[in-house]
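The values are calculated or read from the model by the stated rules, or taken from the named source; none is laboratory data. Bear in mind the structure is a predicted one, so any value in this text is a computation, not a measurement. As a convention, Cβ positions derive from the backbone with ideal geometry for all residues, glycine included, and neighbour counts pool all protein chains shown. For accessibility, only protein heavy atoms count, side chains too; no ligands or nucleic acids. Shrake-Rupley method; radii C 1.70, N 1.55, O 1.52, S 1.80 Å.
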Amino acid sequence: MVEPDTGTTVEYSVVVRLSGDCPRSCAELAALPAFAPKAVIFELSGLTAFAREGLAVLRESAGAGRAVFACRPGGVARRVLEAEGVRVADSVAAALADEDDPLGPSGVAFRSLTERLLTAPSVGAVLQHIVDAAASLVPAADLVSITLLAPDGRFHTAAYTDPAAAELDRLQYELGEGPCHDAALPDRPEFIERADLRATGTWPDWAAVASGLGWRSVLAIALTDDTVPRVSGALNLYARTPGGLAGADRDIVLLLASHAALAVAETDAVTRHELHQAQLRTALDSRDVIGQAKGILMARRGLDADAAFELLRRASQQLNVKLVQLAGTLARRHAELDVVAPEEPDPV
């Protein structure tokens, strides 16, 4: 804001206290961009209901200003914000003090991340902290994961913010194509990005499945560091919005990827093997239940293995249900389902 008398530019923050059920209904939010504040501090202790969608509304209403959140411990909104990895102050005063921190929001987040990394009990915990930090520092990323490539050439997902990210990764490993698959390979570009999976011809099979499930933009960053050439992997970000990751700060995600590379390099071979085995057990469990579902369809419909899997995949896309979840439901409840005549629609 420019003072009319002196012409001096003054930066200031705005405090908005919300109460009731939903911030979407608050008329004062629409007027915020007109004030062009440096930051908007949302005091949410008075809210009686708050959902993840409300977070997007508040961030959008802050306009060019930075959205900062304050909520008393135990508040309804605080639980949601912390679950999303969003930094929350206990009070407006604490939030204002953070505003005066010379490190700025990213610096504070990285300082907090460093403290957590130093006390993490395992490499798995370190990588989980990194994907959680990426989700917080890149709000447009709906899913974040880390892919590691073992010396024997096998891929596995070492950490993720949501099982949907691990499923998107797993499909790439099976198909042999996709952003995290390509970024994890040696001598690949540092950044691999696609603004809209529906318009790319790079990974025809994987992009068709991913976009069919509602995922539109991706960004994969190779885990590279000059001091740890033996580490191969990728930090993966997925968004439902076309072009949603175009504004992601490349320096931030590259620094997070370097943290991940160093964490893996600094662990001993036994720990890396244990991490790989834990992830492999999860992958094998998923494959087992998919195999059971395929066997049921093959027996009931006279299909071969490829046709049974294709039927499961199409049903997963149409129902917007994860493939492994759909397969698990069929495997558990197949005895309750009657065999459907060939002319009737498939019930899966």
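For segment 40-51, what does the Karplus curve 6.51 cos²θ - 1.76 cosθ + 1.60, with θ = phi - 60°, yield as ³J(HN,Hα) per residue in whole Hz, taken in order and with x for Gly and Pro?
Whole-Hz 3J(HN,Hα) from phi for segment 40-51: 10, 9, 8, 8, 10, 4, x, 6, 9, 8, 7, 10.
Quick one: pull the percent of accessible area on segment 129-257 belonging to carbon and sulfur, 1.4 Å probe, ligands and nucleic acids left out. Each step should come with its number before you reach the end.
Values: 2500 of 4940 Å².
Carbon and sulfur atoms account for 51 percent of the accessible area of segment 129-257.
Classify segment 116-179: rounded, prolate or oblate, from the alpha-carbon gyration tensor (a ≥ b ≥ c, eigenvalue square roots; a/c under 1.5 rounded; otherwise prolate if a/b is larger than b/c)?
Working: a/c = 2.72, a/b = 1.31, b/c = 2.08.
It comes out oblate by the Cα gyration axes.
Please compute the Kirkwood hydrodynamic radius over segment 117-240, one decimal place, Å, based on all pairs of different Cα atoms.
On the way: mean 1/r = 0.0692 Å⁻¹.
Hydrodynamic radius (Kirkwood, Cα pairs) of segment 117-240 is 14.5 Å.
5 Å is the cut-off here: which amide hydrogens, built 1.01 Å from N in the peptide plane, fall below it relative to residue 232, excluding neighbours closer than 5 in sequence?
149
For the ranges 73-83, 123-133, 213-223, what's the packing order if you count other beta-carbon atoms within 10 Å of each residue, average per peptide, and put the highest first?
Going from most to least packed, we get 213-223, 123-133, 73-83.
Pull up all non-local amide H partners of residue 16: gap of 5 or more, or a different chain, and H-to-H distance under 5 Å with H placed in the peptide plane.
Amide H to amide H, under 5 Å and 5 or more residues apart or across chains, residue 16 pairs with 41, 42, 43.
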